[in-house]
Amino acid sequence: MTTTTRIKKVAVLGAGVMGSGIAAHLASNGIRTVLLDIVPPGETSADPAKRNAFAAGGVTKALKARPAAFLRKEGADLITVGNFDDDMQLIADCDWVVEVVIERMDIKRSLFARVEEHWTPGTIVSSNTSGLSIEGMLEGRSDDFKRHFLGTHFFNPVRYMHLLEIIEGPTTDAAIVDDMAHFVRRYLGKGVVFAKDTTNFIANRIGVYGMMSTIHAMRELGYSIEEVDAIVGKPMGRPKSAAFRTADIVGLDTFIHVAQNCYDTLTEDPQRDTFKVPDYLHAMIEKGLRGQKTKAGFYKKVGKAVSTIDLDTLEYRDKVKADLPELKKLKKISDVGKRVKALVEGDGRAAKFAWHVTSRTLAYAATIAWEIADDVVNIDRAMRWGFNWEQGPFETWQALGVKETADRMRADGLSVPGWVDEAAAKGGFYVEEGASESYYARSGGLANVPQIPGRLSLQGLKASGKVVEKNRSATLIDLGDGIAGVEFHTKMNTVDPDLTTMLNTACDIVERDFDGLVLANEGEHFSAGANVMMLVMAANQKKWDQIDAMVKSFQDTIMRLTYLSKPVVANPHGLTLGGGCEMAMSADVTLFSQETYIGLVEVGVGLLPGGCGNLNMLKRVLRGIPKKAPMIDRLPLIQRAFEAIGMAKVATGAGEAFDVGFGRASDQIAINRDTRINDAKRTARYLADQGYTAPIPAGNLVLPGKDGAAAIQLAVYGMQLSGFVSEHDRLIAGKIAHVLTGGDLADGRKAIAEETINELEREAFLSLCGEKKTMERIQYMLMNNKPLRN
């Protein structure tokens, strides 16, 4: 039996931050979950509510967590809470039991002994340990239990971190490993790497080494906390949180525990002393400075002011911006490999530190590579998915030049293993030949990079000659199986005239040569909206006809996508704002990636949606309402659309997209970011195979007109009197209300044509472009990347 049919119910043992996060993610994805924890110490009553307080509290905290732990809060209804003393029998009908208790081997062994007492043969059991020995946990367990046991190491926060490390025990059944990998990829959206049963596995071993090396180097080389974070963040292809902010987010106690585990167990590691925790970190823990969880760590925020700790006194001082001018020029280098290369080859203060940390981390990764993994691919994926590095260590080394970098390391006195020279002689750690990519294998030869199951690579398709049409803003690609895809590639994938042109070209070609169309890309974001710089330039020159034509062109393109004779599937991900949201809403099916942040946010720049966003919100809120339904008051539904637009609501995830109203019953969620484009393609193929025909224009837009607009405007006026909105906000709100209620022609009895709504939208958009305060908002956004409330 496969995992697809077997894992329907999971027991999570431990309701702390990780345990409740795992339970929330399981339940969000429709998996019934049992969450157990200890009975609170000293609790002697028979009251289940009191005895289950820790587990119930874990669910409550997960529901309140920011960022949100649940993709869908209603998933909490699928969680049953209990405790280890009274409810261990609940695991008997679970298909997977995952342990998430404190990182102490004695406690884990004791718990697994209790688990086996209630264990049903065939049930998978795993530990979420971040680095303890999988084999060591199995002392005293039966052979059959051991065959069904493995490590499944999630990363925190569970919903957002893509990585899951799978670690086999010495006798784990290979079929169990395959089943688990399939399940967590397909149903939990995880990126799987296979790690060996060694201390802290892959990501934490290298990541913590890199962090500890950075911390030691800061003191040894005389850099400040602010300088280090300015260097080791984006310039080095690492998260914006860099080193010390990342440590605060993770929690200093957690970070120290992982580092200490390395120091205690890696007695033969030549770099063991790097894992030695400095005294000042222990002192910070003693003072209760544990990072974000205690609101004070390396950084402390009071109100809007951020202060930095003085590591000599452990008192806080004003944060000082790092003065490293050499970093400014790196912002123009988008390719991460070229950016890191330019940084470490420099001769300034930032370059010196970057090379010091990078060289030692790469050398260490090469030294322990075969101890922790079977290949460099798993190592690179672990660091990208678990620590959010833009490139893994071997990908970075490849970009720097394998031989040149090894030579420089050795010249600095670093030890580099001989297999690196063998890899260099073969072309490096990775070798590309056309659309195929190989990696240097431990055996000494080249092997094909293992494909992520279900992934469809747009870059790979383009390299294979599957480009159908291209301009500077977008590319039409043959995705295979009769489906084409439009990929955007402007900055932040913003909408401009060339992108609009390509969408129209795609419609022409798909109508003739394909069975369906997908809107998707592999950038960081689907689309951050319209390129408002062009709008400002036209408005400043009072080129109103040009603006009108630009808006009309985008509206016509959106309508063409909506009524194309072939199915259109949109796959938004990341930021999907303004015009990006409108493109996603134009599709027959919107396949939301798990982390889609979608909204009609034009109010923030003093405008309203100008690409059929008002129409498509109306169609969503009025869906299912018959045209001839005089007894149904449509105004509360229209107010819902008004709130989404007028308050610039942004759904923080695919689940919320349905709550806010962007998602329809026919829309879906793509849980795995690796397979989302292929899922979108398959959805388009399915629609085509079902005999797709274009939708019929909405005939139920019976709108209340002036009376409805007045009711909405009255509520906004009250908000202005209370100080919640400005006079300009009220002006914008009035125009949104005018459009959504159908304008002066609507009377609450006869349906308004879709084109009428678009005309009202375009007229309102153009009038706002002539407002001084709107231009001020746009210019402020362009300069400061945040909205102005004027």
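The values are calculated or read from the model by the stated rules, or taken from the named source; none is laboratory data. This one's a predicted model, so the numbers in the text were calculated from it and none came from an experiment. So basically every Cβ, Gly included, is an ideal-geometry build from the backbone, and we count neighbours across all protein chains shown. For accessibility, only protein heavy atoms count, side chains too; no ligands or nucleic acids. Shrake-Rupley method; radii C 1.70, N 1.55, O 1.52, S 1.80 Å.
Each peptide in 270-279, 316-325, 644-653, 147-156 was scored by the mean count of other Cβ atoms within 10 Å over its residues; highest first, the order is 147-156, 644-653, 270-279, 316-325.
Compared with the direct C-alpha span, the chain from Arg472 to Ala715 gains 83.0 nm at full extension, assuming 0.36 nm per residue.
Treating r as the C-beta distance of Asp744 and Glu522 and R0 as 51 Å, the FRET efficiency rounds to 0.65. Each Lys or Arg adds one and each Asp or Glu subtracts one; over the other residues with Cβ under 11 Å from the Cβ of Asp421, this totals +1. Rounded to the nearest 0.05, the FRET efficiency derived from the C-beta distance between Lys628 and Arg6 at R0 = 60 Å is 0.75.
For the range 687-790, the convex hull drawn through the C-alpha positions has a volume of 153 cubic angstrom per residue.
With a ≥ b ≥ c taken as the square roots of the eigenvalues of the C-alpha gyration tensor of the range 152-193, please select rounded if a/c is under 1.5 and otherwise prolate if a/b is larger than b/c or oblate if it is not? Oblate, because a/c is 1.5 or more while a/b does not exceed b/c. Between Leu414 and Glu371, the contour length at 0.36 nm per residue exceeds the alpha carbon distance by 13.6 nm. Here the sum of -39500 (n - 2.57) over DSSP H runs of 4 or more residues, divided by the residues of the chain, equals -13500 deg cm²/dmol at 222 nm, to the nearest 500. Stretching Ala49 away from Ser722 to a fully extended chain increases their span by 238.1 nm, per 0.36 nm per residue minus the current alpha-carbon distance.
For the range 576-702, evaluate the Debye formula with one uniform point scatterer on each Cα (no solvent term) and list log10 I(q)/I(0) at q = 0.16 Å⁻¹, rounded to two decimals. Taking Cα atoms of the range 576-702 as identical point scatterers yields -0.84. Quick check: the distance between the Cα centres of the range 403-476 and the range 625-681, to the nearest angstrom? Cα centroid to Cα centroid, the span is 41 Å.
Take every pair of alpha-carbon atoms less than 8 Å apart whose residues are at least six positions apart; their mean separation over the length of the range 24-154 yields a relative contact order of 22 percent.
Assuming R0 = 30 Å, can you tell me the calculated FRET efficiency for the pair Ala441 and Met105, based on Cβ-Cβ distance, to the nearest 0.05? Here the calculated transfer efficiency is 0.30.
Of Glu116, Glu727, the residue with the largest accessible area leads and the full order is Glu727, Glu116 (1.4 Å probe). Projected label points at Lys64 and Asp481, each 7 Å from Cα along the beta carbon direction, are separated by 4.5 nanometres. Taking 18 Å as the limit for the C-alpha separation, the pairs Lys73/Lys295; Lys234/Lys328; Lys276/Lys300; Lys543/Lys772 exceed it in the case of Lys73/Lys295; Lys276/Lys300.
Sorting 21-32, 327-338 by their mean Cβ neighbour count within 10 Å, with the most densely packed peptide first, gives 21-32, 327-338. Taking Glu139, Glu326 and ordering them by how much accessible surface each has at a 1.4 Å probe, largest first, produces Glu139, Glu326.
Approximating the spin labels as points 7 Å out from Cα along Cα→Cβ, the Thr313-to-Asp545 distance works out to 6.8 nm. Over 20 Å apart at the Cα level, from the set Lys491/Lys773; Lys240/Lys338; Lys304/Lys786; Lys64/Lys293; Lys542/Lys773, are Lys491/Lys773. Rounded, prolate or oblate, given the Cα gyration tensor of the range 178-298, with a/c below 1.5 counting as rounded? Here the range 178-298 falls in the prolate category. The alpha carbon gyration tensor of the chain gives principal lengths a ≥ b ≥ c with a/c of 1.5 or higher and a/b greater than b/c, which makes the shape prolate. Near Glu135, once Lys and Arg are set to +1 and Asp and Glu to -1 for all other residues with Cβ below 10 Å from its Cβ, the sum equals -2. Between Ala425 and Ala92, the distance separating the two model label sites (each 7 Å from Cα on the Cα→Cβ line) works out to 6.3 nm. Charged neighbours of Val39, selected by a Cβ distance under 14 Å, balance to -3 (K, R count +1; D, E count -1).
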